[in-house]
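Scroll down for the structure; my scribbles are underneath it.
The values are calculated or read from the model by the stated rules, or taken from the named source; none is laboratory data. Since the model is a prediction, treat every value here as computed from it, not as a measurement. FYI the Cβ positions are ideal-geometry reconstructions off the backbone, even for glycines, and counts take in every protein chain you see. The area values use the complete protein model at the heavy-atom level, side chains included, leaving out ligands, DNA and RNA. Shrake-Rupley method; radii C 1.70, N 1.55, O 1.52, S 1.80 Å.
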Amino acid sequence: MINGSCLCGTVAYQVSGVGDSMYYCHCRMCRKASGSSFATNMLMKESDLVIISGENFIKGFNSSPGETRYFCSECGSPLYGKAQARKGMVSLRCGGLDEAPHLEPQIHLFTDWKAPWYRIADSLKQIPDLKLPIKSPTDSGSD
Ligand SMILES: [Zn+2]
Ligand SMILES: [Zn+2]
């Protein structure tokens, strides 16, 4: 069990299981939503994410057709995303984790949209466009 929370602590959650994949997402939406150069996301089973406090403070923003990004309405911290194309899965924003997850990031995703000031200096695989090499039979190509 790994603990996580938003910046203000209103929303707290626990993650069980190991997750499917972890990746750096450079897509335009993750950049905007995180206010940073990229987001670090973990695709995992929705049932492995348990909200232990602050559920009423979680708001969703429909960022693209079929995709909703959830955040703490008190402090604005991004929490996770859900896509209709990946039912039963969530894309957890790993910056909220208070402990190390069982995975490490395996790829840089959507590097076509990478922030111009950020230079990738590791040897992880870079995926420039919409083809996700992550487990998802009906992938829509969003993050
Ligand atoms: Zn908060
Ligand atoms: Zn993204």
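Each other residue within a Cβ distance under 9 Å of residue 79 adds +1 if Lys or Arg and -1 if Asp or Glu, for a net charge of +2.
Of the solvent-accessible surface of the chain, computed with a 1.4 Å probe and all protein chains present, 52% belongs to carbon and sulfur.
Across the stretch 87-131, Cα-Cα pairs farther apart than 17 Å form 51% of the total.
Here r is the Cβ-Cβ distance between residue 16 and residue 64 and R0 is 30 Å; the resulting FRET efficiency, rounded to 0.05, is 0.60.
Cross-linked pairs 59/125; 87/114; 45/114; 32/114; 59/114: Cα-Cα separations exceed 23 Å for 59/125; 87/114; 45/114; 59/114.
Distance between the pseudo-spin-label points of residue 1 and residue 124 (7 Å out from Cα toward the beta carbon): 2.8 nm.
The length gained on full extension between residue 46 and residue 84, counted as 0.36 nm times the residue separation minus their Cα-Cα distance, comes to 12.4 nm. Accessible area per residue for the chain is 53 Å², calculated with a 1.4 Å probe on protein heavy atoms, without ligands, DNA or RNA. The C-alpha radius of gyration of the chain, expressed as a fraction of 2.2 N^0.38 Å, stands at 0.98. For the stretch 1-78, taking Cα atoms only, Rg and Dmax work out to 12.6, 32 Å respectively.
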